[in-house]
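Single-structure report; data block below.
No value in this document is a laboratory result; all are computed from the given coordinates. Note that the structure is a prediction, hence the values are computed from the model and not measured. All Cβ positions, even for glycine, are placed from backbone atoms using ideal geometry, and neighbour counts span all protein chains on display.
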């Protein structure tokens, strides 16, 4: 027993576990509740609940009624007011969380757009550099035409040389 006094108390012991809680769990739970309140299923269940409340307290056994119709169903009014008073802040909290998510998504989209623009500008500069470099490179047609003109020059010089090589001519 005394050896346990030298060891600090472990995280997560006790009924309130601080270490294992997700700091965003309340927001996630409230967002889930707010999403559920915006569904047709919630409206149907709320309608069934109110109808059952009204039927029981109007036509149920006299001794088992808990909300008298003589007072305008005060307890039901209080229950619906309580539900509405919790629904409004939960919906606002869900909207704030969605706004935060949208802001982060917009920032990511802006960064992605900037990267795409930078990539596009880089590729445009590279294309321009390639076009400039290609203007200085000899194309296949240019090389062929130069070779043809060289061949023609060689044939002309051979023809001119062949007639000037000292072959005897008939003039004498």
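One decimal place: the segment residue 136-residue 107 gains 6.0 nm when fully extended, by the rule 0.36 nm per residue minus the C-alpha distance. Only alpha carbons enter this Debye calculation for region 23-126, each as an equal point scatterer, and the log10 of I(q)/I(0) it gives at q = 0.23 Å⁻¹ is -1.15. As a proxy for reagent exposure, ranking 85, 68, 30 by other Cβ atoms within 10 Å from fewest up yields 85, 68, 30.
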